[in-house]
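To start, the structure itself, in structure tokens.
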Amino acid sequence: MGTEEKLTEERQSLEEMFAQLEGVIAEMEGEGISLERSFDLYNKGMGLLKECSKSIDEVEKKVLILDEDGETHEF
């Protein structure tokens, strides 16, 4: 698996996590939600945010900078 393929897979999983977060937020903003459900959704959202942050950090570490001599260096 090449670097581009791996980054694409990570981007897709990030997009999926962001979509899940949007769903959590939409449900939390809904009317008539119980305190218990709000708490469960909050915990789910915080877990998703933690995973998103972890994935973003991993992607940032893999980003390479191309210098003026055509050599790559880690970002």
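Read the figures in this text as sums done on the coordinates, not as results from a lab. Nothing here was measured: the structure is a model prediction, and the numbers come from that model. Note that we place each Cβ from the backbone using ideal geometry, even for glycine, and neighbour counts take in every protein chain shown.
Tabulated data
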item: Phi to ³J(HN,Hα) by Karplus 6.51 cos²θ - 1.76 cosθ + 1.60 over the stretch 39-52, Hz, x for Gly, Pro; result: 5, 4, 5, 4, 4, 4, x, 5, x, 5, 4, 4, 5, 4
item: R0 of 22 Å, Cβ-Cβ distance GLU15-LYS54: FRET efficiency to nearest 0.05; result: 0.90
